[in-house]
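Worksheet: the structure to be examined is printed underneath.
The values are calculated or read from the model by the stated rules, or taken from the named source; none is laboratory data. Just so you know, these numbers come straight off a predicted model, no measurement behind them. A quick note on method: Cβ atoms are made from the backbone with ideal geometry, for glycine too, and the neighbour counts reach across all protein chains shown. The area values use the complete protein model at the heavy-atom level, side chains included, leaving out ligands, DNA and RNA. Shrake-Rupley method; radii C 1.70, N 1.55, O 1.52, S 1.80 Å.
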Amino acid sequence: MNDQRVFLVSYPRSGQHYVQRLLERVTGDDNYCELYKCVDVECPARGKPVHEKSPCPSGRRFQKSHDFDLHLPISSDSLYVVLWRRPLLSIASYYEREFRNRSQIRIGTQDGTEGCLMSDTRDAWVSFTRERAIYWSRFVEKWSTAAGKENVLFLRYEDITSDIRSTKRLFDFCFKSHDQDKLQELMAAQNLALANGRAPNRDLQNFRHPIEQATEVARSVITPSVMRSAGYDDVI
């Protein structure tokens with residue numbers, strides 16, 4: 001088994017936990033570090049700032065990172081699985097998650113200011129879209145420059161949830177050896193879920209706020225060249 005540290009670097013709501021579950025189902029090993037919400041009571045960095053938790057002080061091999069400040073270095077002695085998803089889909093899921101357990105969220109913090117608290121309204125949705133589209137664009141611009149590096153693997157959410165070949169690529173990248181029988185069972189289960197229409201998909205037509213204005217806002221921030229570098233056409 002390859003023992004290099006693996007950073008699972010993702011734009012939020014782009015399949016991070018889906019990939020985590022794939023890894024755990026085949027390895028049977030909970031070797032995953034929740035960088036932003038440490039669950040290891042014995043971890044020496046528990047409660048400390050994020051920059052003091054990377055690499056994982058407890059020695060867990062897989063470490064989650066959203067690279068919020070875009071300062072995560074690309075080191076030759078680590079592996080990087082980079083996940084992103086079509087922007088408006090990830091931003092809508094991100095927005096819903098933020099409001100899931102609270103009535104207000106703080107918007108307008110990307111430039112380092114305190115921002116303001118906003119309730120779940122159309123204005124909040126549009127403002128959130130602009131802020132997070134800026135982050136999506138910068139995230140892709142940074143990580144797409146690592147294309148071609150042997151220690152960086154890019155996986156789009158749409159691929160990892162719809163193409164079992166992406167699952168094999170993930171395991172071949174992370175492990176020198178792994179349980180092929182378990183992997184085949186996992187891929188067969190994925191294939192069955194796809195055939196039965198149980199793949200995780202999303203239709204924004206049923207989103208609780210109109211998406212037209214948010215779509216235009218995202219298009220004003222994310223250029224066609226950035227979309228192409230992420231492997232998409234110009235459809236936000």
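From (1) closer than 23 Å to residue 177 by Cα; (2) of a type outside the set (Lys, Arg); (3) under 18 Å from the mean Cα position of the chain (by Cα), pick out the condition that doesn't hold for residue 91.
(1)
Out of segment 76-106, which residues are small (Gly, Ala, Ser) and touching a residue at least 40 places away in the same chain (Cβ under 8 Å)?
Residues satisfying the conditions are 76, 78, 90, 92, 93.
Which condition number does residue 194 fail, the rest of (1) at pLDDT below 85; (2) part of a loop (DSSP other than H, G, I, E, B) being met?
Among (1) at pLDDT below 85; (2) part of a loop (DSSP other than H, G, I, E, B), residue 194 violates only (2).
Has segment 77-84 got at least one residue that is over 17 Å from the mean Cα position of the chain (by Cα) and either farther than 18 Å from residue 230 by Cα or at pLDDT below 95 (or both)?
Looking through segment 77-84, at least one residue is over 17 Å from the mean Cα position of the chain (by Cα) and either farther than 18 Å from residue 230 by Cα or at pLDDT below 95 (or both).
Does residue 141 qualify as being of a type outside the set (S, T, N, Q), open to solvent by 20 Å² or more (accessible area, probe 1.4 Å), part of a helix (DSSP H, G or I) and touching a residue at least 40 places away in the same chain (Cβ under 8 Å)?
yes
Restricting the first residue to segment 116-128 and requiring it to be of a type in the set (Val, Ile, Thr), which pairs with a second residue that is open to solvent by 50 Å² or more (accessible area, probe 1.4 Å) meet a Cβ separation below 7 Å and a spacing of at least six or different chains?
Taking only residues 6 or more apart or on different chains, the pairs are 126/213.
If we keep just the residues of segment 91-138 that are among the aliphatic types (A, V, I, L, M) and under 17 Å from residue 218 (Cα atoms), which is most open to solvent (accessible area, probe 1.4 Å)?
Checked segment 91-138; the qualifying residue most open to solvent (accessible area, probe 1.4 Å) is 134.
To keep it simple, each residue is scored yes or no on (1) within 26 Å of residue 141 (Cβ to Cβ); (2) in contact with an Asp or Glu (Cβ under 9 Å, 6 or more places away or on another chain); (3) without any contact (Cβ under 8 Å) to a residue 60 or more places away in the chain.
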| residue | (1), (2), (3) |
| --- | --- |
| 16 | yes, no, no |
| 22 | no, no, no |
| 31 | no, yes, yes |
| 42 | no, no, yes |
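Tell me, please, whether a residue that is modelled with pLDDT under 90, within 30 Å of residue 148 (Cα to Cα) and in contact with a Pro (Cβ under 9 Å, 6 or more places away or on another chain) can be found in segment 49-59.
Within segment 49-59, one or more residues are modelled with pLDDT under 90, within 30 Å of residue 148 (Cα to Cα) and in contact with a Pro (Cβ under 9 Å, 6 or more places away or on another chain).
Could you check, for segment 163-181, whether at least one of its residues is small (Gly, Ala, Ser) and assigned to a loop (DSSP other than H, G, I, E, B)?
Yes, segment 163-181 contains a residue that is small (Gly, Ala, Ser) and assigned to a loop (DSSP other than H, G, I, E, B).
Restricting segment 204-220 to residues that are assigned to a helix (DSSP H, G or I) and not hydrophobic (A, V, I, L, M, F, W, C), which is nearest to residue 234 (Cα to Cα)?
That would be 219.
Kindly list, by first and then second residue, each pair from a residue in segment 146-167 that is within 14 Å of residue 193 (Cβ to Cβ) and in contact (Cβ under 8 Å) with a residue 24 or more places away in the chain to a residue that is among the hydrophobic types (A, V, I, L, M, F, W, C) and open to solvent by 50 Å² or more (accessible area, probe 1.4 Å), limited to pairs with Cβ atoms under 7 Å and residues at least 6 apart or on different chains.
Final answer for the pair search is 162/194.
Return the total of residues in segment 1-50 being open to solvent by 30 Å² or more (accessible area, probe 1.4 Å), of a type in the set (Ser, Thr, Tyr) and under 14 Å from residue 170 (Cβ atoms).
Final tally of qualifying residues: 2.
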